[in-house]
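Below you'll find the structure, written out as structure tokens, and then a few comments.
All of the numbers you see were taken from the coordinates with simple rules; none came from a lab. What you see is a predicted model, and the numbers here were worked out from it, not measured in a lab. All Cβ positions, glycine included, derive from the backbone under ideal geometry; neighbour counts span all protein chains shown.
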Amino acid sequence: MNRPLVSIITVVFNAATTLERTIQSVLNQDRELTEYWIIDGGSTDGSIELIKKYENQLAGWCSEPDKGIYDAMNKGIDRANGKWIYFLGGDDTLKPDIVKKIQKNLNNKFDIVFGKVMFDNGHEMRSFLGPRTILQNTIHHQSAFYNTSLFINFRYNTTLKIVSEYDLHLRLYMQKAATLYVPITIAYCATGGASSNLSRSLEETNRVRTYHVKGKWKNMFLSAFLSVYYMQKKIRYLAYGHRV
């Protein structure tokens, strides 16, 4: 049986108001290129009924308590059969025909291929890997396609609740991984997700950095610099909302 090009994984918990749009945005992609897994954390709001409505079109799904977003993502990785893995939140949607459009770029010589996301407030984020990645995460999950080979010896750290992807992205930057930026919008994303908790994001980002960046004073400087950046970011949130 031929492997699908992309395994799309949605992790969800109590997102019945948005989940159907998410599911439809995936099922409307080229079915010959994709398989779709939904990992639910034990929803009680009607999400399960929505999943069952589409279960005949899914590669599979499960619903059980988990230890958070990254535990659920790891469960999806364990089930995925695709050559590439893509994560889509339960309140986000894929751009129409995006898998078909990016197919030619999903070359096995790359470890990660990424583009842009558009937030529901009109703010666009372009993902990248570069020197700034040492300071903080610079790749949005919904903009990135991950070569499945990355997960042979890696799973997300479940003790991190909102920035475990930074662990992977910083690792890729430090190891000079083969990357490709494609200047197109991959997905439409909701604002106000877990990563908008700036205090926790700051604490976890600084924690992840110590795994990969050696030197007490270097880490202290980067932590202090990021604290100042987050402070002005909070001010901008108050003044302009999430449009920054």
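A few remarks follow.
- Acute angle (nearest 10 degrees) that the helix 69-79 long axis makes with the longest principal axis of the chain, alpha-carbon atoms: 50 degrees
- Normalised by the number of residues in the chain, the average gap of Cα pairs under 8 Å and 6 or more apart makes the relative contact order 20 percent.
- Degrees, to the nearest 10: 216-240 long Cα axis against longest axis of the chain: 70 degrees
- Close Lys pairs in region 6-191 (alpha-carbon distance under 15 Å; sequence gap of 8 or more, or different chains): 8.
- Qualifying trypsin sites (Lys or Arg not before Pro) in region 8-60, DSSP loop, other Cβ atoms within 10 Å at most 14: Arg31
- Proximal aspartates and glutamates relative to Lys233, as straight alpha-carbon distance under 14 Å, when same-chain residues fewer than 8 apart are discounted: none
- Rounded tilt (10° steps) of 164-174 against the dominant C-alpha axis of the chain: 70 degrees
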